[in-house]
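Bear in mind these aren't lab numbers, they're just calculated from the coordinates by the rules spelled out. Keep in mind the model is a prediction, meaning the values are calculated, not measured. Note that we place each Cβ from the backbone using ideal geometry, even for glycine, and neighbour counts take in every protein chain shown.
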Amino acid sequence: MDFLYEKILRPLFFTQDAETAHEISIRLLRILDAIPFAVHTLERINLRPRHSKPIRLFDLDFPNRVGLAAGFDKYAQVWPTFGALGFGHAEIGTFTLHPQDGNPKPRVFRYPQAEAVVNSFGFPNPGAEVIAHRLAQGPGKGARTIPIGINIGKSKITPLDTACEDYVNSFRLLADHADFLVINISSPNTPGLRELQGRAHLTTLLETLQRENLQRTVRLNAPRIPILLKIAPDLSYPQLEEILAIATAVALDGIVATNTTIERPQTAGDMETRGGLSGRPLLEKSLSIVRFMARASNGKLPIIGCGGICHPDDAARFMDEGASLVQIFTGMIYRGPFFPAALARTLAWSHRPWA
């Protein structure tokens, strides 16, 4: 499979610009979604490595430790197929309260020699209300083969001083469809968004969402929705300590570390400067964030490690540093659609303590 993708399929995909290639992959997955027998067969083959047990986290069962990072399924079109590729969970979105087209094209660029991607998408999506309707047409919570996380962000038209209301309204529309929610305050592609990582904004936002979550739980007599925070890799250690203190104070369920970086490697050359960089150049930066957060929290705050995983050893390093799960996206662009299944097998069959 690896040879087929890297020698034949990837060169074909790479004859297209990056966004067109992504749209082709979505269309192929929609075809797969229309063949339930094929989806179920691939799930049996790829989803749970032999002799492995589910991972229990956030009161959810994850068939394996490998998830799909947000950014792939921006329109909630193909999420029921991700278990067939071997993903043990998937994050869909980012979704915003208001519909938005995102930033002007071209807005995504591949750099094969660096195994990197730069994107400046800017959260294109049809809005939380449309997404809620789409999710209602698919398998509901309890009927899914893998947990689905919903990633929400601030609408571009919403000022920072009303960002909290924007997130809360998205929460109200989407919470019923989420196995867990991820609050995205770290994309570099929405102006001012990363300011929400500051103490005042972040405390207000997370406290308000946790109150809304509790009220929903009481009103519906339903389980609470685990809430995680996705952070940037460009934060200083004092900033990370501040985020950790806030996360502890509001009883946050976990951290996704990390989003894309605004920095560029010294060997970047003519690499696009607008947007966030993902892929192999992000690996060490993301690992350092996971290491710091895991040690500073004494391992008490669950962390999903994300950033630069292009090889099974990369995923294992995240686990060694204290991550509970990992996520990939750019690595799949360079390694192919069954890379997640290969990662899951490697992590499950490892002799390390977390396996």
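Rounded to the nearest 0.05, what FRET efficiency is calculated for SER236 and ILE157 with R0 set to 41 Å and r the Cβ-Cβ distance?
On the way: r = 30 Å, r/R0 = 0.73.
Efficiency at R0 = 41 Å is approximately 0.85.
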(request) For the stretch 251-265 and the stretch 95-137, compute the distance between their C-alpha centroids and round to whole Å. (result) 17 Å
(request) Just flag the trypsin sites (Lys or Arg not before Pro) in the stretch 21-73 sitting in loop per DSSP whose Cβ has no more than 10 other Cβ atoms within 10 Å. (result) ARG50
(request) Using per-residue counts of other Cβ atoms within 10 Å, averaged over each peptide, order 325-333, 340-348 from highest down. (result) 325-333, 340-348
(message) Counting C-alpha atoms alone, how compact is the stretch 2-349: give Rg to one decimal and Dmax as a whole number, in angstrom.
(response) 18.7, 56
(request) On a C-alpha basis, how far is the centre of the stretch 206-250 from the centre of the stretch 138-174 in Å? Whole number, if you could? (result) 13 Å
(message) Given the -39500 (n - 2.57) contribution per DSSP H run of 4+ residues, what per-residue ellipticity at 222 nm results for the chain, rounded to the nearest 500 deg cm²/dmol?
(response) -11000 deg cm²/dmol
(message) Going by Cα centres, the stretch 34-55 and the stretch 288-348 are how many Å apart?
(response) 20 Å
(message) Within the chain, count lysine pairs with alpha carbon atoms under 24 angstrom apart where the residues are 8 or more positions apart or belong to different chains.
(response) 15
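For the chain, what are the DSSP H helices with axial Cα length of 30 Å or more and mean Kyte-Doolittle hydropathy of at least -1.0?
Details: long enough: 199-220 (31 Å, -0.58).
Helices meeting the criterion: 199-220.
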